[in-house]
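Remarks on the structure that follows.
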Amino acid sequence: MGLPILNFQVRYSEEVILKQYGDKVSVLETALPLIKFGKNYEIVSGVTETIWNTGGDEVYATTNIIDTVSSSNATDAQTISVTGHTIDANGDFTRVVQEITLDGQNKVLLPTPVARVERMFNTDNTDFLGVVYVYEDDTIIAGVPQTAVNIHLTVNPEDNQSLKAAFTADKDEYIVITALTVSVNKTVSSAIVDFALEIREKGKVFRTKYTSVVSSQNGSRQLFFEQPFIIPPSADVRFIATSNANNTGVEAIAHCYYAKKTYRNV
């Protein structure tokens with residue numbers, strides 16, 4: 001039963017993109033799914049935060065200024081993969097995947113500085129021992145950046161990859177979101193959390209596209225979209241959450257497909 005429904009969603013999305021934006025795309029030809037998962041286990045009461053394991057709310061860069069990586073553990077020397085986007089003078093984003101080798105608590109520069117960074121993971125055969133940071137060049141103490149707003153991604157050692165429910169569309173692609181899941185950890189029994197999915201199209205402001213209220217008693221909520229959300233090129237997407245209790249743990253997942261621009265006959 002799932003495949004015909006998915007095929008309808010895919011074809012529907014392709015037709016909407018063609019009629020609304022004038023671009024021919026192919027989800028099935030691209031054949032590249034995207035599952036973006038994030039968590040934030042220390043939300044402060046009454047404060048809206050990004051759902052990512054860095055904590056707090058990300059302050060987005062406007063230029064290619066994210067350029068540095070370091071670990072809080074002096075022995076971390078693993079090879080890591082970092083996925084991000086550069087931005088050009090027109091505000092268009094281009095995806096860049098880079099591999100670098102950590103040098104413990106010392107700074108390592110990204111070969112290509114970026115304006116967005118959305119995924120980092122350990123590609124080596126040794127677990128991380130420290131927290132790994134990607135950030136705008138900053139004063140560090142034992143490998144840890146000292147200015148919170150300069151941090152754009154972290155990896156906790158127990159995960160070996162970043163957990164950030166925020167991402168960006170390349171200038172030559174659309175992203176089709178077919179389902180969402182949001183959940184509240186039961187460690188705070190009285191927590192009630194307002195979730196929001198926000199999308200910022202190129203040159204505009206973040207707009208709320210979906211909201212949900214989930215309590216620690218409910219646990220989680222999953223929604224499948226008969227009419228999927230379509231993310232246009234060079235747009236930012238993020239999950240945010242606000243809780244009524246300190247140290248609330250939340251998670252969010254977006255189930256997506258890439259749709260590259262194509263000029264074949266359809």
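No value in this document is a laboratory result; all are computed from the given coordinates. It should be emphasised that the depicted structure is a prediction, and the values quoted were computed from it without experimental measurement. Cβ coordinates were reconstructed from backbone atoms using ideal geometry, including for glycine residues, and neighbour counts include every protein chain displayed.
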Problem set entry | Computed over region 189-249: relative contact order in percent, which uses C-alpha pairs under 8 Å that are six or more apart | 48 percent
Exercise. Taking the Cβ of residue 198 as the center, what net charge do the other residues with Cβ under 13 Å away carry, scoring Lys and Arg +1 and Asp and Glu -1?
Worked result: -1
Problem set entry | Fewest-first ranking of 15, 136, using other Cβ atoms within 10 Å as the exposure measure | 15, 136
Exercise. Normalised by the number of residues in the chain, what is the relative contact order in percent for Cα pairs under 8 Å and 6+ residues apart?
Worked result: 27 percent
For this session: At 0.36 nm per residue, minus the direct Cα-Cα distance, what do residue 124 and residue 32 gain on full extension? Give it in nm, one decimal, please.
Result: 30.7 nm
Seminar exercise, completed: Pairs over 25 Å Cα to Cα, from 19/260; 209/260; 36/107; 36/171; 36/261; 164/260, come to 36/107
Exercise. What is the magnitude of the charge dipole of the chain about its Cα centre, with +1 placed on the Cβ of each Lys and Arg, -1 on the Cβ of each Asp and Glu, and no other charges, expressed in debye to the nearest 20?
Worked result: 920 debye
For this session: Work out the FRET efficiency for residue 24 and residue 90 from their Cβ-Cβ distance, taking R0 = 22 Å, and round it to the nearest 0.05.
Result: 0.50
